[in-house]
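Undergrad: Quick one: this structure, given as C-alpha cells, is what I'll be asking you about.
The values are calculated or read from the model by the stated rules, or taken from the named source; none is laboratory data. All figures in this text were calculated on a predicted structure; none of them were measured in a lab. Every residue, glycine as well, gets a Cβ built from its backbone with ideal geometry; the counts of neighbours run over all protein chains shown. The accessibility values were calculated without ligands, DNA or RNA, using every heavy atom of the protein model including side chains. Shrake-Rupley method; radii C 1.70, N 1.55, O 1.52, S 1.80 Å.
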Amino acid sequence: MKFYSTNNTELRVGFKEAVFNSMPQDKGLYMPVEIPHLGDKFIHNLDQYTLPEIAYHVAKNLLGDDIPANDLKALIKDAINFYAPVVKLEEKINVLELFHGPSLAFKDFGARFMSRIMSYFLEDGEKQLDVLVATSGDTGGAVALGFLGVPNTRVTILYPKGKVSDIQELQLTTNGQNIRALEIDGTFDDCQALVKQAFTDAELNAKFRLTSANSINIARLIPQTFYYFNAYAQLLKRGNSKVVFAVPSGNFGNIGAGLLAWKMGLPVEQFIAATNANDTVPEFLKTGVYQPKPSVATLSNAMDVGNPSNWVRIADLFKEHPDQLNALITGYTYTDEDTLTAIQEIFDAYNYVACPHTAIAWKALKAYQQENKADDTTGVFLSTAHPCKFPDVFTEQIAHEITIPEQVKELEEKDSKAVSLGTGFDEFKGYLLANS
C-alpha cells in the first residue's frame, strides 16, 4: 500500500516510510492512496470472526503485501491480546469498553500495534529510533508500555504540567529504561507543537532518527479501526445491524479511525463527536468555519485539544463529498458541570462507573437519541479509559465502587522522574541535543 500527504496528493511512500517518518516534511499527514472496501460478505458475517481475525483482515486489506501474512498475524496476536466488550446498559444503549489493555486506555490498541510494527521494520545495525510523543493523558502511558524495553528505541514523552491525573503521570514517569518524560509548563497543544516542530528541524533530523507515536502516525490510526468492526460484530450477534457510535473526541484520531472503517464498508448510521469545552469541531459542524483556539483545561483532560491534528485526515476523507461529512457527524460539547452530572446519572441508572471522557460520550448519545427518534438504531458510546485514573472526579460513593487494577497499585510503589521544561522550542531542542 502506498500513502500520500494531505498537503501533497502526488506524494507516494511505502508503509515503512510512513510509519518511521510519521509526518511528511510538508507538515501534512499520511493517508492511504486507496481505501479498500472489505465487501458485503465479510461485513455481513462479522459476527463469525474473532477480534484478532477481524484485525488481520482489515490490516491485510489496508497494507497489502507490506508485511507477509504470517508475520502480520503473529504481530496482531501479540499486540491485540486483550478484549473490548460491548456491554449492554439498556435497550439501545451500549458501552464499548476499550480500557482492558495494559495501560487501561483505548490508546493500547494503537500504541501496541505501532510499537510492534516499528520493531518489525527495524533492522540490525540501523540507527536508534527516537520516538517523540505529546500526551494529554493516556497516549503517553500506552506508548511507554508499548515501547518499554524494545531494543534500539528511545521514547520521549511530553506532557502538560498539572493537567494529567496522578495515575496518568505515574504511567509516564516511572518506567525508566528507554522511556523518559518531559513535564512542559503549558498545554497539550504546546506539547504537540514542540513535537511537530522537531520533525521539521533540519539539525534534529540530521542527528536523530525521529518518529512520532501520536495519532498523527498512520500506524496508530489503522489498529483503531479494529474495535469498530469488532463492536459491530458483537452487535450483529444480538440482532442489531444499525449502529450509532458516540466518540469522546480530543485530537480526533479515535473518531477518524471510525470514519476510516466506514469508508471501508462498516455500515454506521451516524458518528457523534462528543467534546468538552474544547469545541473547535462542534463549532465547525454548526457554522462551517474551522477556527482552532487555545485549549482549555477540563476534567476530561485527554480531550483538552484546541487544534486537533487529525481533523485534516477527516477533511481529506471527505474532500470530494464535504456535504457527506456534515451528514455523517453530529457534534456536541459539554462543560465540567455537565460531565459531573452525567457521571452521577450513569451511576444512578446503571450502577456503572464512567470516566469523565466516557460520561461525555454517553451524554451526547442520549441527546442525539432524544433528538432523532430512530427506533431501529442501536447506540454505542465508547469508554476510553478506566475510571481509576481519575479518582478526584468522583463522589465518595462512586469512588468506593471502583476496583483498582493490580498494575495501578504497583505504579504507586515506583519512583517518579521527569524533567521540567518551558514551551520554547529552543529549550526543548537543547534538551534533545544535550541528552543524545
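Undergrad: For Trp262, Trp362, give me the order by solvent-accessible area with a 1.4 Å probe, most accessible first, ignoring ligands, DNA and RNA. Write down the numbers at each step before the final one.
TA: Values: Trp262 60, Trp362 20 Å².
Result of the area sort, largest leading: Trp262, Trp362.
Undergrad: Below 21 Å Cα-Cα, how many Lys pairs turn up in the stretch 319-436? Only count pairs eight or more apart in sequence, or on different chains, if you could.
TA: Numbers: Lys363/Lys373; Lys363/Lys389; Lys389/Lys409; Lys389/Lys414; Lys389/Lys417; Lys409/Lys417; Lys417/Lys429.
Value for the stretch 319-436: 7.
Undergrad: Quick one: compute a quarter of the convex hull surface over the Cα atoms of the chain and quote it in nm².
TA: Numbers: hull surface 78.4 nm².
Convex hull of Cα atoms, orientation-averaged projection: 19.6 nm².
Undergrad: Check which residues have an amide H placed less than 5 Å from Thr333's amide H, if you skip close sequence neighbours.
TA: Thr275
Undergrad: Carbon and sulfur atoms: what percent of the 1.4 Å accessible area of the stretch 211-345 do they account for?
TA: Values: 2150 of 4140 Å².
Carbon with sulfur: 52 percent of the solvent-accessible area.
Undergrad: Keeping every protein chain in place, order Lys41, Lys73 by accessible area at 1.4 Å, biggest value first, i.e. largest first.
TA: Numbers: Lys41 170, Lys73 100 Å².
Descending accessible area places them as Lys41, Lys73.
Undergrad: For an R0 of 30 angstrom, estimate the FRET efficiency from the Cβ-Cβ distance between Asn70 and Gln177 and round to the nearest 0.05. Walk me through the numbers on the way to the answer.
TA: On the way: r = 30 Å, r/R0 = 1.00.
With R0 = 30 Å, the Cβ-Cβ based efficiency is 0.50.
Undergrad: While we're here: Based on DSSP H runs of at least 4 residues, each adding -39500 (n - 2.57), what is the mean residue ellipticity at 222 nm of the chain after dividing by all its residues, to the nearest 500 deg cm²/dmol? Before the final figure, lay out each step's value.
TA: Numbers: 19 runs with 190 residues, N = 436.
Using -39500 (n - 2.57) per qualifying helix, the result is -13000 deg cm²/dmol.
Undergrad: Which order do Ser103, Ser241 take when ranked by solvent-accessible area (1.4 Å probe, heavy atoms of all protein chains), largest first? Mind dumping the intermediate values first?
TA: Working: Ser103 0, Ser241 65 Å².
Result of the area sort, largest leading: Ser241, Ser103.
Undergrad: For the pairs Lys16/Lys207; Lys77/Lys263; Lys88/Lys286; Lys73/Lys207, note any where the Cα-Cα span goes beyond 28 Å. Don't skip to the end; give the middle numbers.
TA: Working: Lys16/Lys207 20 Å; Lys77/Lys263 25 Å; Lys88/Lys286 31 Å; Lys73/Lys207 35 Å.
Long pairs (Cα-Cα over 28 Å): Lys88/Lys286; Lys73/Lys207.
Undergrad: For a test of the definition: using alpha carbon positions, the gyration tensor, and the 1.5 limit on a/c, classify the stretch 36-133 as rounded, prolate or oblate.
TA: Details: a/c = 2.78, a/b = 1.43, b/c = 1.95.
Note, shape of the stretch 36-133 comes out oblate.
Undergrad: Residues of the chain: accessible area per residue at 1.4 Å, in Å²?
TA: Numbers: 16830 Å² over 436 residues.
For the chain, the per-residue accessible area is 39 Å².
Undergrad: Taking R0 as 25 Å, what FRET efficiency do you get between Gln370 and Thr287 from their Cβ-Cβ distance, rounded to the nearest 0.05? It would help to have the intermediate numbers written out before the result.
TA: Numbers: r = 23 Å, r/R0 = 0.92.
Taking R0 as 25 Å, the efficiency between Gln370 and Thr287 is 0.65.
Undergrad: Another one. Give me the number: length gained by fully extending Glu427 to Asp78, i.e. 0.36 nm times residue separation minus the C-alpha to C-alpha distance, one decimal in nm. Could you put the intermediate results ahead of the total?
TA: Working: separation 349, 0.36 × 349 = 125.64 nm, distance 3.80 nm.
Taking Glu427 through Asp78 to full extension adds about 121.8 nm, to one decimal.
Undergrad: Restricting the count to DSSP beta bridges whose residues both fall in the chain, what percent are antiparallel, rounded to a multiple of 5? Working shown, then result.
TA: Working: 11 of 50 bridges.
The answer is about 20 percent antiparallel.
Undergrad: Calculate, in nm to one decimal, what His400 and Gln324 gain on full extension: separation in residues at 0.36 nm each, minus their alpha carbon distance. Don't skip to the end; give the middle numbers.
TA: Working: separation 76, 0.36 × 76 = 27.36 nm, distance 4.48 nm.
This chain segment gains 22.9 nm when fully extended.
Undergrad: Once amide H atoms are built 1.01 Å from N in the peptide plane, which residues 5 or more positions from Val268, or in another chain, come under 5 Å H to H?
TA: none
Undergrad: If R₀ is 35 angstrom, what is the calculated FRET efficiency for the pair Glu413 and Val296, using the beta carbon separation as r and rounding to 0.05?
TA: Numbers: r = 34 Å, r/R0 = 0.97.
Once rounded, the FRET efficiency stands at 0.55.
Undergrad: Assign one of three labels to the stretch 122-217, namely rounded, prolate or oblate, based on the Cα gyration tensor with a ≥ b ≥ c the square roots of its eigenvalues; rounded applies when a/c is under 1.5, prolate when it is not and a/b is larger than b/c, and oblate otherwise. Could the numbers behind the result be given before it?
TA: On the way: a/c = 2.30, a/b = 1.29, b/c = 1.78.
Note, shape of the stretch 122-217 comes out oblate.
Undergrad: Under the classification rounded if a/c is under 1.5, otherwise prolate if a/b is larger than b/c and oblate if not, where does the stretch 194-256 fall, given a ≥ b ≥ c as square roots of the Cα gyration tensor eigenvalues?
TA: Prolate shape, in that a/c is at least 1.5 and a/b is the bigger ratio.
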